[in-house]
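Inspection log for the structure reproduced underneath, given as structure tokens.
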Amino acid sequence: MSIAWTPAIPIGGQNRYTAAMRISDIITSRHPVFSFEFFPPKTDMDADALFETARTLRTLEPDFISVTWGAGGGTRRKTLEITTSIKKKLNVETMSHLTCVGVSRMELDSILDEIRELGLENVLALRGDPPRGETDFVPHPEGLSHARELVEHIRSRWSFCLGVAGYPEGHPEVPDLERDLMFLKQKVDAGADFVTTQLFFDNSAYFRFVESARAIGISVPIIPGIMPVTNVKQIKRFTETCGATIPVRLSEQLEQLQEDREAVVEYGIEYATGQCEELLAHGAPGIHFYTLNRSHSTFQILSRLRGASYGARKSPGQAAQDRQTEAR
């Protein structure tokens, strides 16, 4: 069954994201929301490839696109360049990630002022991972140590719409799920408007996470993060790093297919599509896709969702009713 959705860019009409738009407002007015995450390119050739990926995915009318933050100065510059270019050239709302890694409060102030001057409205506030080659996070002597502190710092002076990260299976550095959830509550209480989750492959982890979050008073939208499997070794490395688990059924199937790259990609599409369908059917406010700067798998998944009632847009009234159901 196919149901038409309200396009972000009306054909022949004016882009509704020409001016800055808060993601919290997008979530309020549209359901479900679909978004993509990119990371900043290292070379000009990579930048061209990324923009081509963005153009391809743009045809699916995403609600917003986020760009990750690098630990190095050059990469940080590219984050803001890419975030701004996508917004202005592709007419899609964007969100810049921002971390505490290697920066002082004064440097953060300068970055946040620049983000505001660029006309960007949305920031994903993160502590950030240790730089490559380091195992422990060491804050800048004049910087911040936690994402909660970053949210508080931003709220003290700027009016950005703020997202924060959530971990359905717990943060790798916090083995106690209840304690990790309390850290999330601190971030939300400090002023976060919504949550995007770490990748996961077991939907029950997300459902338990949301239920537990609601039980302790976290009421903001919690958008599940989905990464389609495209490479077996790569996804094992990612999950080992972030603490996500690979269900037995998925693991066994990938082991059988790992020598056939095309088969792995196709199975990854099928598995992620099934994940998304179940998540949306049970009230998730949308899906945030970790694209790895590639378009094929994400394009296929969202195209399939668009062709089903799971990807159909709902009226603001129905969206609000669904959010109330999801909040319970």
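The values are calculated or read from the model by the stated rules, or taken from the named source; none is laboratory data. Note that this is a predicted model, so its numbers are computed, not measured. Cβ atoms come from the backbone with ideal geometry, glycine included; neighbour counts cover every protein chain shown.
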Q: Mind telling me which of the residues Gly12, Gly74, Gly70 ends up being modelled with pLDDT under 95, crowded, with 20+ Cβ neighbours inside 10 Å and out of contact with any strand residue (DSSP E or B) (no Cβ under 7 Å at 6 or more places or on another chain)?
A: Gly70
Q. Hey, among Glu52, Glu107, Glu81, Glu61, which residue is part of a loop (DSSP other than H, G, I, E, B), surrounded by fewer than 23 Cβ atoms within 10 Å (Cβ to Cβ) and either more than 18 Å from the chain's Cα centre (by Cα) or charged (D, E, K, R) (or both)?
A. Glu61
Q. Just checking, which of Arg58, Arg127 is within 19 Å of Glu37 (Cβ to Cβ), without any contact (Cβ under 8 Å) to a residue 60 or more places away in the chain, in contact with a strand residue (DSSP E or B) (Cβ under 7 Å, 6 or more places away or on another chain) and of a type in the set (Lys, Arg)?
A. Arg127
Q: Just name the residue that is surrounded by the most Cβ atoms within 10 Å (Cβ to Cβ) out of those in segment 254-278 that are of a type in the set (S, T, N, Q) and over 27 Å from His171 (Cβ atoms).
A: Thr273
Q.
Suppose we filter segment 110-124 for residues that are surrounded by fewer than 20 Cβ atoms within 10 Å (Cβ to Cβ), among the acidic types (Asp, Glu) and touching a residue at least 12 places away in the same chain (Cβ under 8 Å); how many remain?
A. 1
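For every residue, the table says whether it meets (1) of a type in the set (Gly, Ala, Ser); (2) surrounded by fewer than 15 Cβ atoms within 10 Å (Cβ to Cβ); (3) within 28 Å of Ile111 (Cα to Cα); (4) without any contact (Cβ under 8 Å) to a residue 40 or more places away in the chain.
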residue	(1), (2), (3), (4)
Leu150	no, no, yes, no
Ser156	yes, yes, yes, yes
Pro168	no, no, no, no
His171	no, no, yes, no
Pro175	no, yes, no, yes
Val195	no, no, yes, yes
Phe200	no, no, no, no
Ser204	yes, yes, no, yes
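Among residues belonging to segment 231-248 that are polar (S, T, N, Q) and within 22 Å of Pro168 (Cβ to Cβ), point out the one that is surrounded by the fewest Cβ atoms within 10 Å (Cβ to Cβ).
First, the residues of segment 231-248 that are polar (S, T, N, Q): 231, 234, 239, 241, 245.
The next check asks that each one be within 22 Å of Pro168 (Cβ to Cβ); those that pass are 234, 239, 241, 245.
Details: Gln234: 12, Thr239: 19, Thr241: 10, Thr245: 13.
Restricting to residues being polar (S, T, N, Q) and within 22 Å of Pro168 (Cβ to Cβ), the top hit is Thr241.
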**Q.** Filtered residues of segment 280-297 (kept if in a helix (DSSP H, G or I) and either among the β-branched types (Val, Ile, Thr) or in contact with a helix residue (DSSP H, G or I) (Cβ under 6 Å, 6 or more places away or on another chain) (or both))
**A.** Leu280, Ser297
Q: Of the conditions (1) more than 19 Å from Gly163 (Cα to Cα); (2) within 16 Å of the chain's Cα centre (by Cα), His97 clears all except one; give me its number.
A: (1)
Q) In this structure, is Ser212 at pLDDT 95 or above, among the hydroxyl-bearing types (Ser, Thr, Tyr) and more than 18 Å from the chain's Cα centre (by Cα)? A) yes
Q: Could you tell me whether any residue of segment 20-36 is hydroxyl-bearing (Ser, Thr, Tyr), modelled with pLDDT of 95 or more and part of a helix (DSSP H, G or I)?
A: yes
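Please specify each residue of segment 116-138 satisfying the condition of being in contact with a helix residue (DSSP H, G or I) (Cβ under 9 Å, 6 or more places away or on another chain) and either in a strand (DSSP E or B) or farther than 17 Å from Arg76 by Cβ (or both).
Gly119, Glu121, Asn122, Val123, Ala125, Leu126 - these are the residues of segment 116-138 that are in contact with a helix residue (DSSP H, G or I) (Cβ under 9 Å, 6 or more places away or on another chain) and either in a strand (DSSP E or B) or farther than 17 Å from Arg76 by Cβ (or both).
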**Q.** Positions within segment 206-224 being surrounded by 21 or more Cβ atoms within 10 Å (Cβ to Cβ) and assigned to a helix (DSSP H, G or I), in sequence order
**A.** Tyr206, Phe209, Val210, Ala213
(Q) It is to be established whether one or more residues within segment 164-186 are touching a His at 6+ places or on another chain (Cβ under 9 Å), under 24 Å from Ile27 (Cα atoms) and part of a strand (DSSP E or B). (A) yes
Q. Out of (1) farther than 25 Å from Phe34 by Cα; (2) surrounded by 13 or more Cβ atoms within 10 Å (Cβ to Cβ); (3) in contact (Cβ under 8 Å) with a residue 24 or more places away in the chain; (4) more than 20 Å from the chain's Cα centre (by Cα), what's the single condition that is false for Ser251?
A. (3)
